[in-house]
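First up is the structure itself, then whatever we jot down about it.
The values are calculated or read from the model by the stated rules, or taken from the named source; none is laboratory data. If you're wondering where the values come from, they're calculated on a predicted model, not measured in any experiment. Using ideal geometry, Cβ is built from the backbone for each residue, glycine included, and neighbour counts are taken over all protein chains shown.
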Amino acid sequence: MKQQISRLSPHQNGKVFGVMMAVTSLVFIVPFALLFALVQPAGKSGPSILVLLLAPVMYLVFAYCAVAVGCLIYNFLQKFVGGIEFETSTDLNAR
């Protein structure tokens, strides 16, 4: 059975994607910060701990805003062009 998504929740989708981006950013930020700290010349300091704390927050905020705006645009355009279409099946042998 074909179905269409008629509405995307901007707040819920933005919240979920923002948290995912913040967590994912830590996977990259922490190793790179450690790497840069190891290759710094003597007497020079590496990135501050503030950068390590601020970057995931910035990722969260920007991802939340981008997804929320994207959902609002989708909700507006869906009325004119139709929603994202997907097909569901209750029969397990229908694959």
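Are any of the residues in the range 10-28 touching a helix residue (DSSP H, G or I) at 6+ places or on another chain (Cβ under 6 Å) and of a type in the set (F, W, Y)? Yes, there is a match, as at least one residue in the range 10-28 is touching a helix residue (DSSP H, G or I) at 6+ places or on another chain (Cβ under 6 Å) and of a type in the set (F, W, Y).
Beta carbons closer than 7 Å, at least 6 apart along the sequence or on distinct chains, pair a first residue in the range 55-79 that is under 18 Å from Q4 (Cβ atoms) with a second that is among the aliphatic types (A, V, I, L, M) for C71/L8; Y74/L8; N75/L8.
Yes/no matrix, rows are residues, columns are (1) over 30 Å from E87 (Cα atoms); (2) within 17 Å of the chain's Cα centre (by Cα):
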{"residue": "K2", "(1), (2)": "no, no"}
{"residue": "S9", "(1), (2)": "no, yes"}
{"residue": "M21", "(1), (2)": "no, yes"}
{"residue": "S25", "(1), (2)": "yes, yes"}
{"residue": "L50", "(1), (2)": "yes, no"}
{"residue": "L54", "(1), (2)": "yes, yes"}
{"residue": "Y59", "(1), (2)": "yes, yes"}
{"residue": "V67", "(1), (2)": "no, yes"}
{"residue": "Y74", "(1), (2)": "no, yes"}
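So how many residues does the range 1-49 have that are exposed (fewer than 10 other Cβ atoms within 10 Å of the Cβ), assigned to a helix (DSSP H, G or I) and either modelled with pLDDT under 90 or in contact with a Leu (Cβ under 9 Å, 6 or more places away or on another chain) (or both)? Residues in the range 1-49 being exposed (fewer than 10 other Cβ atoms within 10 Å of the Cβ), assigned to a helix (DSSP H, G or I) and either modelled with pLDDT under 90 or in contact with a Leu (Cβ under 9 Å, 6 or more places away or on another chain) (or both): 2 in total. Residue count for the range 59-92, restricted to those that are surrounded by 11 or more Cβ atoms within 10 Å (Cβ to Cβ), among the aliphatic types (A, V, I, L, M) and farther than 13 Å from K15 by Cα: 4. The residue pairs whose first member lies in the range 9-21 and is closer than 9 Å to V67 by Cα and of a type in the set (A, V, I, L, M, F, W, C), whose second member is at pLDDT 95 or above and surrounded by fewer than 16 Cβ atoms within 10 Å (Cβ to Cβ), and whose beta carbons are closer than 9 Å, counting only pairs six or more residues apart or on different chains, are F17/A66.
Before we move on, is L77 aliphatic (A, V, I, L, M) and modelled with pLDDT under 95? Spelling it out, it is not the case that L77 is aliphatic (A, V, I, L, M) and modelled with pLDDT under 95.
Select from the range 50-95 the residues that are assigned to a helix (DSSP H, G or I) and among the polar types (S, T, N, Q) and list them in ascending order.
Selection gives N75, Q78, N93.
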